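Notes follow the structure.
The values are calculated or read from the model by the stated rules, or taken from the named source; none is laboratory data. These numbers come from a predicted model, not from an experiment. Glycine gets a Cβ as well: all are built from the backbone with ideal geometry, and neighbour counts include every protein chain shown. The accessibility values were calculated without ligands, DNA or RNA, using every heavy atom of the protein model including side chains. Shrake-Rupley method; radii C 1.70, N 1.55, O 1.52, S 1.80 Å.
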Amino acid sequence: ALRQVRALPGVRAAAGVAPVSVAATDPDLEPIYGEAVSDGPLSRVLDLGVTSGSLGALRPGQIAVSALEAAPGAMGVHVGSRLTVYLPDGTPYRATVSALYTRSLASGDVLIPDAAVAGHTGAAPGFTQVLVSGGTAGGLAGLAASHPGWHVASRSVANAAAEQAAAQDGFANNLVLGLVAALAAVALVNTLAVATVERRRALRLLGRVGASRGQVAAAFGWHALFVTVTGLVAGAAAGAVTLVAVTKAATGSWVPFIPLVPAAGLVLGVGALVAGAVMIPFYAMSRREPALAAG
C-alpha cells in the first residue's frame, strides 16, 4: 500500500506510522509509548523538531528518542548512544540513537523502524496512518477507493478530528472539575455570607457614630476586594506547584501554557461570587439600620 501511494503522480514523500509500546530501563523498567515508522524520509512528512541527528532514514538497528526521554534522569542518552528496549512480546531491540526530537506529545517518546517491530506486536503488520507530501486529491481518493477502510484527509481535517477526539476525552475530566468548582463556590458563598451577617452589630455601631451608608458600603467593598485578591494569589500559588511539576514532566519546560480566556473567566467568576456573597447581605442589613446616614 505504501508503495502504491509513493507511485502516485506528484507525491514527493510518503511514510507510514503505527503506535507501538516498548519497555525501557530509564532507570526503572516502564512502558514507553511511541510509533513504528516506515523507511524513507520521515522528516519530509512530519516535523518533530529534531535537535540533533537526522530522521531522513530510520533503519533497523536505529531508534529516535524524544529530548524529554533522553534527558538525564530518564534514559540519559544522546545521538550515538547504544540503547536496549523491549518490544511488546519481550524481544530485546538493541539500537543506536540516531536522532533526538522535541515534539513528542503527539508521536510518543520513541520512533522505531517498522521492520524491527514487525512480528513482535501480536498483530498483523500495517500502518494506522500514511503521511503524504504532495500528490493530488483526486489521485489519493482514487487509490483509497480501491482499498476498503481507507480514508483520505487533509492536514487541517486530520487536526480538527484530533482536536474533537481530545475534547471528547476531556469531557469527563471537565465534568469532575465543574462539580468540584461548584462545591467550592457553594462553600465560598456560604462562608462569606455568614461572616458578613455576623457583622450586624458592627454595622449598627458604625451607624450610631455617624457613618454614612456609602462609607460602610466602601468598607465592605474593600473587604470583598481583599478576599478576592488574597484567594486568587493563594490559589495560584498552591496550584502552581503541581502545575509546574506536571508541565516539566510532560513537556520538559518549566513554563505551563495557560489559556487567557478561561483564566480571565475564572478570575471574573471568583470576583463576582465574592462581591455577591459580601455586598448582597450588606445591602439587606443596611436597609434595616436607620441609624446609617444617607450618602
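On inspection, Gly80 qualifies as loosely packed, with under 12 Cβ neighbours inside 10 Å, among the small types (Gly, Ala, Ser) and in contact with a strand residue (DSSP E or B) (Cβ under 8 Å, 6 or more places away or on another chain). Here the condition is being out of contact with any strand residue (DSSP E or B) (no Cβ under 6 Å at 6 or more places or on another chain), farther than 16 Å from Val278 by Cβ and either open to solvent by 80 Å² or more (accessible area, probe 1.4 Å) or at pLDDT 90 or above (or both); of Asn173, Asn190, it holds for Asn173 alone.
Once region 127-146 is narrowed to residues that are open to solvent by 50 Å² or more (accessible area, probe 1.4 Å) and either among the acidic types (Asp, Glu) or in contact (Cβ under 8 Å) with a residue 24 or more places away in the chain (or both), the residue that is farthest from Leu2 (Cα to Cα) is Thr136. Whether any residue in region 99-107 is within 14 Å of Ala24 (Cα to Cα) and either free of Cβ contacts under 8 Å to residues at least 12 places away in the same chain or under 25 Å from the mean Cα position of the chain (by Cα) (or both) is what I want to check. For region 99-107, residues within 14 Å of Ala24 (Cα to Cα) and either free of Cβ contacts under 8 Å to residues at least 12 places away in the same chain or under 25 Å from the mean Cα position of the chain (by Cα) (or both): absent. Only residues that are surrounded by 10 or more Cβ atoms within 10 Å (Cβ to Cβ) and either modelled with pLDDT of 90 or more or among the polar types (S, T, N, Q) (or both) were counted across region 245-262, and they come to 3. Only one entry of Leu58, Leu48, Leu100, Leu105 meets the criterion of being in a loop (DSSP other than H, G, I, E, B) and crowded, with 21+ Cβ neighbours inside 10 Å, and that entry is Leu58. A Cβ distance below 7 Å, combined with a sequence gap of six or more or placement on separate chains, defines the contacts here; from region 208-221, residues that are in contact (Cβ under 8 Å) with a residue 12 or more places away in the chain reach residues that are β-branched (Val, Ile, Thr) in the pairs Phe220/Val278.
Could you look through region 13-37, keep only residues that are modelled with pLDDT under 90 and surrounded by fewer than 19 Cβ atoms within 10 Å (Cβ to Cβ), and pick out the one that is farthest from the chain's Cα centre (by Cα)? Applying the filter and picking the extreme gives Ala13. Only one of the numbered conditions (1) out of contact with any helix residue (DSSP H, G or I) (no Cβ under 8 Å at 6 or more places or on another chain); (2) closer than 30 Å to Ala71 by Cβ; (3) of a type in the set (Ser, Thr, Tyr) is violated by Ser253, and that is (1).
Output the number of the condition that Gln215 fails; it satisfies all remaining conditions of (1) surrounded by 13 or more Cβ atoms within 10 Å (Cβ to Cβ); (2) under 36 Å from the mean Cα position of the chain (by Cα). Against the list (1) surrounded by 13 or more Cβ atoms within 10 Å (Cβ to Cβ); (2) under 36 Å from the mean Cα position of the chain (by Cα), Gln215 comes up short only on (2). Residues that are over 30 Å from Ala74 (Cα atoms), among the charged types (D, E, K, R), open to solvent by 50 Å² or more (accessible area, probe 1.4 Å) and under 32 Å from the mean Cα position of the chain (by Cα): does region 147-167 have at least one? Within region 147-167 (the criterion being over 30 Å from Ala74 (Cα atoms), among the charged types (D, E, K, R), open to solvent by 50 Å² or more (accessible area, probe 1.4 Å) and under 32 Å from the mean Cα position of the chain (by Cα)), the answer is yes, since at least one residue qualifies.
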